[in-house]
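This report refers to the structure that appears directly beneath it.
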Amino acid sequence: LPLDKIPGQTFNRPCFSPDGKVFFGVKTGLVSWDRRTDQWRHYWLPPDMRLLGEVYPVTPALDHNGDLWIACHRKGMAKARISDDSLHMLKRYDAPFGPLRAVAFWHCMTDRDGIVWVATTGGLAPIDPASGDALMLNEHWGLDEPDCNERIFEQAADGCILFTAGMKRERRQHLHWFDPRDLILEDDPPGVLLESIAVLENPLALDTALAF
């Protein structure tokens, strides 16, 4: 690849499309490389999402619909689509606002079931690519240290997702893994259906028994 012609020459982890293209993250957007024709192209992110002053470039992921998800660290995250040789924003998750409320979006990937996962400072977040609904998995879900990072983030052959989490400034990193098929991705607890009431020993008055 002609690195001298690409703005922001630091490359991040690539993702691969079914038509033979490879997408790399750079500090100004995305670079695609067509392995069949050996052609490359640079796609600019909006100015407020570029990472020219950051250490790491953006990280892309490709969902099953062919749309790109781009983690832009402290500039947020975006769902985008390439058309007319340009990168068009379809949805944005601005940091630290929105449903995820994360200060930084470090890395993203798509699992084999099509769910987009993003590692953030607030935890690990699965996103439904069709609806855009997101859920933050943090200490409430058993994640001891919710500050995830980009160092290890991968899906193993058995379907389990592995990632590191911890506070970088304290030099504490722990390896976590789980099977996403075991998760019930609902933000609210399941409802409880009350089928019957039984009074043991001393009966209660009707108004007292139902006052709960």
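Observations
- Residue in region 101-127 that is farthest from the chain's Cα centre (by Cα), counting only those that are at positive phi and open to solvent by less than 10 Å² (accessible area, probe 1.4 Å): Gly114
- Evaluated against (1) exposed (fewer than 13 other Cβ atoms within 10 Å of the Cβ); (2) modelled with pLDDT of 60 or more; (3) of a type in the set (Val, Ile, Thr), Val199 falls short on exactly one condition, (2).
- Condition met for Pro96 (under 13 Å from the mean Cα position of the chain (by Cα) and either open to solvent by less than 60 Å² (accessible area, probe 1.4 Å) or not small (Gly, Ala, Ser) (or both)): no
- The numbered conditions (1) assigned to a strand (DSSP E or B); (2) touching a Cys at 6+ places or on another chain (Cβ under 8 Å); (3) free of Cβ contacts under 8 Å to residues at least 60 places away in the same chain are all true for Lys79 except (2).
- Apart from one condition, Lys79 fits all of (1) open to solvent by 10 Å² or more (accessible area, probe 1.4 Å); (2) at pLDDT below 90; the exception is (2).
- Count of region 82-111 residues, restricted to those that are assigned to a loop (DSSP other than H, G, I, E, B) and at pLDDT below 85, is 13.
- Put simply, of Asp38, Asp34, Asp19, Asp63 the only residue that is more than 21 Å from Trp117 (Cα to Cα) and either open to solvent by 90 Å² or more (accessible area, probe 1.4 Å) or in contact (Cβ under 8 Å) with a residue 24 or more places away in the chain (or both) is Asp38.
- Taking region 41-60 as the range and being surrounded by fewer than 19 Cβ atoms within 10 Å (Cβ to Cβ), in contact with a Phe, Trp or Tyr (Cβ under 9 Å, 6 or more places away or on another chain) and part of a loop (DSSP other than H, G, I, E, B) as the test, only Tyr56 passes.
The values are calculated or read from the model by the stated rules, or taken from the named source; none is laboratory data. Only a predicted model underlies this, so the values are computations on that prediction, with no experimental measurement involved. Counting neighbours? That spans all protein chains shown, and the Cβs are built from the backbone with ideal geometry, glycine included. Surface areas here come from the heavy atoms of the whole protein model, side chains and all, with no ligands, DNA or RNA. Shrake-Rupley method; radii C 1.70, N 1.55, O 1.52, S 1.80 Å.
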